[in-house]
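What follows is a set of notes on a single structure, which appears directly below.
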Amino acid sequence: MHVAVIGFGNAGGKIADAMLEFEADTGRSLCKDVLAVNSAEIDLAKPDHVPEDRRLLIGQTHERVKGRGVGANPELGAEVARRDLGEIDRALDDVPVYEIDAFLVVAGLGGGTGSGGAPVVSRHLREMYAEPVYGLGVLPSADEGGRASLNAARSLQSFTDATDSLVLFDNDAWRQAGETLQSGYDHANTELARRVTTLLGAGALDDSTVSETAMDASDINRTLSTDGVSTIAYASADLDRETKSGLLDQFRTNGHADTDYAQKVHGLVRRAVNARLTCPADVESAERSLAVVSGPPEELSRKGLQHARQWLESQTDSVEVLAGDDPREDADRLSVAVLLSNVTDVPRVDTLQERAVDAQDRIEAEASARDDEVAELVTDENDELDPI
């Protein structure tokens, strides 16, 4: 699969940058083009891998923005994105649309530029192009406060409606004890890039081997295009090179090695689904699912994939399950990414919406009280003064 990635806002740009880094480290060719879009000039200086000519500053002529950001205001972020759609279109003119299978719009949902602008641009892309438009949205952690939760809950509705599928990543689920806020975000971005690139990069016609059970773009598009929210599972295991070249090769003639490989692939898929998802969800609520196993060709067991697919069907109570491999000659690990598409039981989203309603009520109450206090402060108690 080949995609054009648009990283919107600070978090979106960092994740797009992390995807390019992981792609380079693993020899993949997923990203045909990457564009980082932001309303704050200082944030566009942060990426290490996005080329400078693929960084777009919007809102420069807006009287309230002027290249300094939108101040966590999603309405302003949406307004700036709409006003500068022409600039964004001109940047997208360089995207080789005939070579891509989809657009991927990436944004953090707790701020202003990403939460407001990403849905605007996603909707515009769907109107302009025939290729599917997928979203990748990052939910804020509880530490970011009620305003971030309110922004995310509002953006979640718009972003889901504007895309063919929205993959969610929950920062709260990925915070580790003892991490600073910044190191936690960096770690989360790396893990997210690993999962998304392993999943979407399957079946790319690069230097890797093509197998009979390889995934291709149509498989991924079919699984993702559900107009809902999705989550990704992932697991990996080291390769036992000594065992592979010794004992298992001796057993290959009587089928023992094939059985071992099958059990390893099947077990890794189960471990992935039962571990941490990008956004925790009830696996049984998924409408469709897809498993991609990546690693050296000799480790990719067709029998293991069949067993994994059957197990996924039983877990999701759905026959809409695909499984395939992504051979990588130089891989030093066996990894699996499992896409669970159109999940409907996502407790984190329910909690986020509750926090957002509470935050909205509190903000309105505080604003009303503040207005009364200001009026009391500046108004003459005895009504003896005439305002100018």
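The values are calculated or read from the model by the stated rules, or taken from the named source; none is laboratory data. The structure presented is a predicted model; accordingly, all values stated were derived computationally and were not measured. Here the Cβ positions follow ideal geometry from the backbone for every residue, glycine too, while neighbour counts run over all protein chains shown. For accessibility, only protein heavy atoms count, side chains too; no ligands or nucleic acids. Shrake-Rupley method; radii C 1.70, N 1.55, O 1.52, S 1.80 Å.
Summed over the stretch 132-150, residues that are in contact (Cβ under 8 Å) with a residue 60 or more places away in the chain and under 21 Å from Ala36 (Cα atoms) total 5. Restricting to the stretch 270-292, count the residues that are over 24 Å from Gly108 (Cα atoms), out of contact with any helix residue (DSSP H, G or I) (no Cβ under 7 Å at 6 or more places or on another chain) and open to solvent by less than 50 Å² (accessible area, probe 1.4 Å). Final tally of qualifying residues: 2.
If the condition is being β-branched (Val, Ile, Thr) and open to solvent by 10 Å² or more (accessible area, probe 1.4 Å), then the stretch 101-136 contributes Thr113, Val120. Filtering the stretch 75-100 to residues that are open to solvent by less than 20 Å² (accessible area, probe 1.4 Å) and in a helix (DSSP H, G or I) leaves Leu76, Gly77, Ala78, Val80, Ala81, Ile88, Ala91, Leu92. Take the conditions in contact with a Cys (Cβ under 9 Å, 6 or more places away or on another chain), within 22 Å of Asp84 (Cα to Cα) and crowded, with 17+ Cβ neighbours inside 10 Å and apply them to Ala40. Does it pass? When the stated conditions are applied, Ala40 does not pass them. The combined condition, being open to solvent by less than 30 Å² (accessible area, probe 1.4 Å), in a helix (DSSP H, G or I) and within 22 Å of Glu287 (Cβ to Cβ), is not fulfilled by Ala152.
Conditions tested, residue by residue: (1) over 29 Å from Arg154 (Cα atoms); (2) of a type in the set (A, V, I, L, M, F, W, C); (3) assigned to a helix (DSSP H, G or I).
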residue: Ala291; (1), (2), (3): yes, yes, no
residue: Ser314; (1), (2), (3): yes, no, yes
residue: Ala331; (1), (2), (3): yes, yes, no
residue: Asp358; (1), (2), (3): no, no, yes
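Do the conditions hold for Glu191, that is, is it touching a residue at least 12 places away in the same chain (Cβ under 8 Å), open to solvent by 10 Å² or more (accessible area, probe 1.4 Å) and not small (Gly, Ala, Ser)? Spelling it out, Glu191 is indeed touching a residue at least 12 places away in the same chain (Cβ under 8 Å), open to solvent by 10 Å² or more (accessible area, probe 1.4 Å) and not small (Gly, Ala, Ser). Residues in the stretch 293-312 that are in a loop (DSSP other than H, G, I, E, B) and open to solvent by less than 10 Å² (accessible area, probe 1.4 Å): Pro296 only.
Annotation: of all residues in the stretch 180-217 being at pLDDT below 70 and among the acidic types (Asp, Glu), the one that is farthest from Ala4 (Cα to Cα) is Glu212.
Among the residues of the stretch 313-339, those identified as without any contact (Cβ under 8 Å) to a residue 40 or more places away in the chain and crowded, with 19+ Cβ neighbours inside 10 Å are Thr316, Val321.
Can you spot a residue in the stretch 177-192 that is outside any helix (DSSP H, G or I) and aromatic (Phe, Trp, Tyr)? Checking the stretch 177-192: not a single residue is outside any helix (DSSP H, G or I) and aromatic (Phe, Trp, Tyr). Just the residues that are outside any helix (DSSP H, G or I) and either under 13 Å from Glu284 (Cβ atoms) or open to solvent by 30 Å² or more (accessible area, probe 1.4 Å) (or both), please, taken from the stretch 340-356. Selection gives Leu340, Asn342, Val343, Thr344, Asp345, Val346.
Within the set Asp25, Asp48, the sole residue that is in contact with an Asp or Glu (Cβ under 7 Å, 6 or more places away or on another chain), acidic (Asp, Glu) and either in a helix (DSSP H, G or I) or open to solvent by 30 Å² or more (accessible area, probe 1.4 Å) (or both) turns out to be Asp48. Of all residues in the stretch 162-178, those satisfying the criterion of being surrounded by fewer than 20 Cβ atoms within 10 Å (Cβ to Cβ), out of contact with any Lys or Arg (no Cβ under 8 Å at 6 or more places or on another chain) and not aliphatic (A, V, I, L, M) are Arg175, Gln176, Gly178. How about the stretch 357-388: which of its residues are among the aliphatic types (A, V, I, L, M) and open to solvent by 100 Å² or more (accessible area, probe 1.4 Å)? The answer is Leu377, Val378, Leu385, Ile388.
Against the list (1) in a helix (DSSP H, G or I); (2) open to solvent by 20 Å² or more (accessible area, probe 1.4 Å); (3) within 19 Å of Val97 (Cβ to Cβ), the condition Ala16 fails is (2). Against the definition (part of a helix (DSSP H, G or I) and either more than 23 Å from the chain's Cα centre (by Cα) or under 19 Å from Gly201 (Cα atoms) (or both)), how does Ala337 come out, yes or no? Answer is no for this residue.
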